[in-house]
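Visitor: Supplied in structure tokens, the structure appears directly below.
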Amino acid sequence: MRKGQNRFVAGFLLVPVALYLIFVIWPYIQTFGYSLTDWKGQSQTFSFIGLDNYTALFEDDIFLQAIWHNILFLVFIPVITILLALFFAFMLNAGGRGRAGGVSGVAGSGFYKIVYFFPQVLSLAILAVLFGAVYRSDSGGMLNGFLMRLGLVDENSPVEWLNEPNYVLWALILVVVWHGVGFYLVLFSAAMQAIPRDIYEAALIDGAGRAHTFFRITLPLLWDSVQTAWVYLGIAAMDMFILVSTMTAGEYGGGPDHHSEVMATVMMRNFLLYGRSGYACAMGVVMLLLTLIVSVVMLRATRRERVEF
């Protein structure tokens, strides 16, 4: 009976596992193999050069600068997004007081959830066009126009948000945070609704305020969801190709003067423009390893004893 059951399960797993090996694992293996060659992309002939591409990577100032930019995104995007999403989720689910003195969301919480989630339904391409209009470097740009009305920006010298080295990374971080907060708000709200209201009401009776309730009750019980959000946002921060390539100056983005460069834009430029495909494959392998390391470190760093209720 058990042997027949095992054969039945193996029969169902055979095709999915085979497809995964062919379309996921095998391309990774091929990429690593090409990274050890001087492959030009269009040529069918190439030579084995060992670890020369990897040696050149860590002597490439542009790629090292791109890694630093990805690290900055990795630090700020998850922290800001999760903090805002947690705050809004708490206010929309437990930040108000019911008529009988119980716990409820603030007035209009259902409407606010829809409003906050709306950016998530926009594709990244639409998002790039939208914020391209917001960051326009003239009086017609929404942000410049608003600051000019407040008298904070001179009409004759508007700020070029995406062409200023000191502003471009922060402008991109703002876009990602605006896009992501709504999704994680819904994620945290779903987890928060599973917390029994009796726990909050008991805390209110004991005189706990909103801040104490959040840090002592809500956050520990939501920690699994926070951990998941941290990993997903970390992976997104290690990518950033679409927004950087569509919103910033230069071939495949990265401007001004490589001040918004990320690993993915450097890789695509070398692969598609410079014909250094083997070198680009080495970048892809490094990106894969760094993303795996980030995921493992985040899971380890955020691991804690599970709180049951």
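The values are calculated or read from the model by the stated rules, or taken from the named source; none is laboratory data. Since this is a predicted model, take the numbers as computed values, not measurements. Glycine gets a Cβ as well: all are built from the backbone with ideal geometry, and neighbour counts include every protein chain shown. Protein only, heavy atoms only, side chains kept; ligands, DNA and RNA dropped before computing areas. Shrake-Rupley method; radii C 1.70, N 1.55, O 1.52, S 1.80 Å.
Visitor: Quote the relative contact order of region 128-252 in percent (integer), defining contacts as alpha-carbon pairs under 8 Å separated by 6+ residues.
Guide: 23
Visitor: Using the Kyte-Doolittle scale, which helices in the chain average at least -0.5 and also have C-alpha atoms spread 20 Å or more along the helix axis, with helices defined as whole DSSP H runs?
Guide: 2-20, 61-94, 168-192, 223-237, 277-301
Visitor: Give the Kirkwood hydrodynamic radius (Å, one decimal) of region 165-267, defined as one over the mean of 1/r across all pairs of different Cα atoms.
Guide: Taking every pair of different Cα atoms in region 165-267, averaging 1/r and inverting gives 16.3 Å.
Visitor: Something else now. Could you point to the residue in 10, 252, 24 farthest towards the positive end of the chain's charge dipole, with +1 and -1 charges on the Cβ of Lys/Arg and Asp/Glu respectively?
Guide: About the Cα centre, the residue reaching furthest to the positive side is 10.
Visitor: With +1 on the Cβ of every Lys and Arg and -1 on the Cβ of every Asp and Glu, and nothing else charged, how large is the dipole of region 225-309 about its Cα centre, in debye rounded to the nearest 20?
Guide: Dipole about the Cα centre, nearest 20: 280 debye.
Visitor: When a/c reaches 1.5 or more, the comparison of a/b and b/c decides; with that in mind, is region 1-91 rounded, prolate or oblate per its Cα gyration tensor?
Guide: Cα axes put region 1-91 in the oblate bin.
Visitor: How much accessible area per residue does the chain have, in Å², with a 1.4 Å probe?
Guide: Here the residues of the chain average 58 Å² of exposed surface.
Visitor: Extent of the chain along each principal axis, from alpha carbon coordinates, in Å, largest to smallest?
Guide: That gives 82, 77, 29 Å along the principal axes, largest extent first.
Visitor: Where does region 220-262 land on Rg/Rh, using Cα atoms and the Kirkwood Rh?
Guide: Ratio value, two decimals: 1.26.
Visitor: So, one more: Once you keep just the Cα pairs under 8 angstrom separated by 6 or more residues, what percentage relative contact order results for the chain?
Guide: Value for the chain: 26 percent.
Visitor: Then there is this: Ranking request for peptides 244-254, 8-18: highest mean number of other beta-carbon atoms within 10 Å first, then the rest in descending order.
Guide: Sorting 244-254, 8-18 by mean packing, highest first, produces 244-254, 8-18.
Visitor: Toward the positive end of the charge dipole of the chain, about the Cα centre and with charges on Cβ (Lys, Arg +1; Asp, Glu -1), which of 270, 288, 143 goes farthest?
Guide: Towards the positive end, the residue furthest out is 288.
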